[in-house]
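The values are calculated or read from the model by the stated rules, or taken from the named source; none is laboratory data. Since we're looking at a predicted model, the values are computed, not measured. Virtual Cβ from ideal backbone geometry, glycine too; neighbours counted across all protein chains shown. Just so you know, the surface numbers come from the protein's heavy atoms only, side chains and all, with ligands and any DNA or RNA stripped out. Shrake-Rupley method; radii C 1.70, N 1.55, O 1.52, S 1.80 Å.
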Amino acid sequence: MSETLGEKSEKEAPVMDVEQREARKVDVLMKGQRQETSAKVPEASMPEKATQAEETRPRWGWVEAAVWTRRMLAALENGVKGGTWFSLVDKVYSRSNLERAFAKVKANRGGSGVDHVSVEEFGRHLDENLTKLQQQLKDGTYRPQAIRRVWIPKPGSRTEKRPLGIPTVRDRVAQTALRNVLEPIFENEFADHSYGFRPERGCKDALRRVVELLRRGYTHVVDADLKSYFDTIPKDRLQQLVADKVADSRVLALIEGYLNQPVMEELKSWIPEEGTPQGAVISPLLANIYLNPLDHEMEGRGYEMVRYADDLVILCRSRDEAEAALEALKSWTAATGLTLHPEKTRIVNASERGGFDFLGYHFERDYRWPRKKSLQKLKDSLRVKTRRTSGISLKVIIENCNRTLRGWFAYFKHSHQTTFLPLDKWLRMRLRSILRKRSKRKGRGRGRDHQRWPNAYFSKQGLFSLVAARAALSQPTRG
């Protein structure tokens, strides 16, 4: 690869923020993005724990201190009897956990559910709402409400849409509290090469691993696609995987309740036979739990797999090895009720023409650049901001464009340098078209418009240049 991805301490820019900016609020809700958990928990807020667990604090700095005391973390590190956790429901409904859960729900915002109660309205009566929720969880009368289904644009398509479920704020609080309890238990079992929706991991970590393996000669790639993964997870198998680690029947009942939540669209209501509820805070964790055996299966066979949620690639040194890895993947998915997409799953040689896409990037012949859909979504976003008929001042238009450009560049800055000049030219053409319109000229920016409004003119207006940003990135740092 011609450049290296930034160091791990660099601020993450998740693919969904880059590629689905228009639907950011609902996508954050659907995928359960947990940027709020990345912050370190202050030591003073954590109860005392056994001294033998002192060394665990850096590893578990992200856990919810309202739940995971030092003594519990010590048990997590040292193992519990039989490998199964009991008596967890009281941790779920503890008042401090519910309060922290609401704070996370509030930070993620999101719409109202079938009860039409917004996050703001729930917060106005917070004490009353949390007291009621706590009592329901405590006495076993809590029941999840239906999920409101909406449709949002499908990534990479201007016409297709995909369903998104929006639970009520009350249920999002309860699910977040449940996730605060369960996540460390399963995180302790997850494989290193799984990166999606996990604390202190992200897209860039997965991309770094892919780059590293390609450089080491793992150029024969199984580019796999799990067909409708979140919608097809078998519920009974998933519940059993949770039960293997959690023996608290009331916690298991909560999981079962969420898996069987009704879906409401307009006046219709039904319960999906399979899958995790899209939009549920708990869904990403459950999805990772179901694929964790696959992670360890591939690792045990010696295959280098990199997985981000349901996006996965297996990197091999030869075609024969890749074919064997694909057969193992087919066997595992068939045995566990999942399906590989027959057209999207393939073996490619990344050192030849064609390459493969992963997490927004296209990898091919020792280079990488944004995949076509990523470029198209960037342009679609900028088109909305640069309509010729816009009555907004040029300064405001440029400021709006800059926000999009900076976020996009933060993620795709390690693309091949030829990526950026065409985008800069295209955007300046759009801006010149606006100026032509305001000068009573017709059509888009062309001809001598580059002399009327040269590149330097837009630089003075503060337009973010992808080329300049890429050049600055390539400059050696001075010690």
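Check whether at least one residue in region 358-369 is touching a Gly at 6+ places or on another chain (Cβ under 8 Å), without any contact (Cβ under 8 Å) to a residue 24 or more places away in the chain, open to solvent by less than 50 Å² (accessible area, probe 1.4 Å) and outside any helix (DSSP H, G or I), and report yes or no. Yes. Taking residues in region 381-399 that are without any contact (Cβ under 8 Å) to a residue 24 or more places away in the chain, and partners anywhere that are open to solvent by less than 50 Å² (accessible area, probe 1.4 Å) and part of a helix (DSSP H, G or I), the pairs with Cβ atoms closer than 6 Å and at least 6 places apart or on different chains are 385/400; 385/401. Counting only helices (runs of 4 or more DSSP H) that sit wholly inside region 431-479, those with at least 2 residues that are over 18 Å from residue 394 (Cα atoms) and in contact with a helix residue (DSSP H, G or I) (Cβ under 9 Å, 6 or more places away or on another chain) are 466-474. Taking the listed residues 374, 393, the one that is open to solvent by less than 20 Å² (accessible area, probe 1.4 Å), closer than 30 Å to residue 445 by Cα and at pLDDT 95 or above is 374, with no other qualifying.
The number of residues in region 373-413 being in a helix (DSSP H, G or I) and either more than 19 Å from residue 459 (Cβ to Cβ) or aromatic (Phe, Trp, Tyr) (or both) comes to 17. For region 163-189, the set of residues classified as within 17 Å of the chain's Cα centre (by Cα) and not in a helix (DSSP H, G or I) consists of 163, 164, 165, 166, listed by residue number. Residues of region 299-314 that are touching a strand residue (DSSP E or B) at 6+ places or on another chain (Cβ under 7 Å) and either surrounded by fewer than 22 Cβ atoms within 10 Å (Cβ to Cβ) or polar (S, T, N, Q) (or both): 303, 304, 310, 311.
Pairing residues of region 57-84 that are over 22 Å from residue 95 (Cβ atoms) with residues that are modelled with pLDDT of 90 or more and assigned to a loop (DSSP other than H, G, I, E, B), at Cβ distances under 6 Å and at least 6 apart in sequence or on separate chains, gives 76/188; 84/247. Yes or no: region 188-204 includes at least one residue that is farther than 30 Å from residue 376 by Cα, in contact with a strand residue (DSSP E or B) (Cβ under 9 Å, 6 or more places away or on another chain) and at pLDDT 95 or above. Scanning region 188-204, I find at least one residue that is farther than 30 Å from residue 376 by Cα, in contact with a strand residue (DSSP E or B) (Cβ under 9 Å, 6 or more places away or on another chain) and at pLDDT 95 or above, so the answer is yes. For region 122-157, the candidate set comprises residues that are assigned to a helix (DSSP H, G or I) and in contact (Cβ under 8 Å) with a residue 24 or more places away in the chain; within that set, the residue that is most open to solvent (accessible area, probe 1.4 Å) is 138. One residue alone among 63, 105, 67 is assigned to a helix (DSSP H, G or I), of a type in the set (Val, Ile, Thr) and within 23 Å of residue 201 (Cα to Cα), and that residue is 105.
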